[in-house]
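Input: a single structure, listed below in structure tokens.
The values are calculated or read from the model by the stated rules, or taken from the named source; none is laboratory data. Not measured: the values here are computed from a predicted model. For neighbour counting, all protein chains shown are included, and Cβ atoms are generated from backbone atoms with ideal geometry for every residue, glycine included. Note: areas computed on protein heavy atoms with side chains; ligands, DNA, RNA excluded. Shrake-Rupley method; radii C 1.70, N 1.55, O 1.52, S 1.80 Å.
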Amino acid sequence: MLAHQKIIALLLFSASTAVIAATAPFDFSGKVSGGYDSNPAQTNVNQGFAFVHTDLDAAYHASDALTVGINGWNRDFTANNLMSRLTLYSDWAHDIAQGLGLLTVSLAAAAYRDRIVPADERDEMALMLRYDHILDARNNLSISGELRQLAYQQAALPWAGRPGSDPREHEMRERNPIKPLEIMQNGADASGRTDWQTATRLDLTHYWSPTRSSVLTVSIDRCASPIATEAFMRHNIGGVLRWEPRPKWSLEFNFDWSRLRYDAAPQQHERIDLQRGLGIELRRRIDLNSAWFCRSDWLNSDSTHPERGFQQQVNSCGVAWSF
């Protein structure tokens, strides 16, 4: 019943915001979906849960260059499990290269809370620089760099959180400690731990036709942590193919491959995770401002520590809107 009350409140909030957006420089978007996650804790022993996911974003355009906004999402699982994230952000954008390029500087502060994996609960601050450039009529190039501080809120043993502790994903990870690591750290925990992550990303977008486009992504992430075993390097390559077979209908296929290496751990405990992901989404526009969608994602992770490997499938359907 509580989940239904939340949805009603969100819908009422979205309706009132739409009225404001009609008379002020506001953008508002959101989505509500329901689905099933076969392995939300991402352990080698699957335990699935149904969920309701809500996501809301409100942005105010203070000027042609400056936008400030707030984004919040929560994923409410059965069995009283909940993940939520609240982000305040500002974007400053400026045209360069005679209008062919766009430079964006972003600042953000976020709070992430997780009842399934409390070790991942943290507050964040981030600075991001992004440059988008129109190469020609069919190709766009984007280059971005990010510096992010992650201040963890809970005491935890090494490798207690999700792989890579990636703030941009909804992945989760098991909390079972490995005794050799516990001994190696002399009982140290992550209480008061603050990590620093840097990320560099390149996106190449190609428009094959008015109804077909693709995006190829390459990224490198690096994490420095006071807990030596949590430091890592991640190499990732991914792609998205979008197709509109008919008016109002669209299909999206995506793939991801990443290699995550915890290179600061002693050799006998070195850990490398290889992850492969596939996804597909079907979307149909209801009108200019709304659409319904169904999505399915599959993730497989192999690790040099077999107890850290897992498989996960997430299926969901819902409604998205914007004003």
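3J(HN,Hα) couplings calculated from phi for segment 108-123 with the Karplus curve 6.51 cos²θ - 1.76 cosθ + 1.60 (θ = phi - 60°) are, in sequence order, 8, 10, 9, 10, 10, 10, 8, 7, 7, 10, x, 4, 8, 5, 7, 10 Hz; Gly and Pro show x.
Taking label positions 7 Å along the Cα-Cβ direction at both Ala224 and Asn46, the computed distance is 4.1 nm, reported to one decimal.
Taking other residues whose beta carbon is less than 10 angstrom from the beta carbon of Asn315, and scoring Lys, Arg as +1 and Asp, Glu as -1, yields -1. Near the amide H of Asn39, within less than 5 Å, lie the amide hydrogens of Phe49, Gln313, all on another chain or at least 5 residues away, with H placed in the peptide plane.
Here the 3J(HN,Hα) profile of segment 303-310, calculated from phi with Karplus coefficients 6.51, -1.76 and 1.60 at θ = phi - 60°, is 10, 5, 9, x, 5, 9, x, 6 Hz, Gly and Pro shown as x.
Of Glu307, Glu281, the residue with the largest accessible area leads and the full order is Glu307, Glu281 (1.4 Å probe). You can think of it this way: the chain between Val215 and Ala155 has 17.7 nm of extra reach, that is 0.36 nm per residue less the Cα-Cα gap. Reported to the nearest whole Å, the Cα centre-to-centre distance from segment 257-323 to segment 54-76 is 24.
Only protein heavy atoms count here; under a 1.4 Å probe, Met128 has an accessible surface of about 50 Å².
Other residues with beta-carbon under 9 Å from the beta-carbon of Val215 carry, at +1 per Lys or Arg and -1 per Asp or Glu, a net charge of 0. If you sort Trp321, Trp292 by accessible surface, 1.4 Å probe, largest first, the order is Trp292, Trp321.
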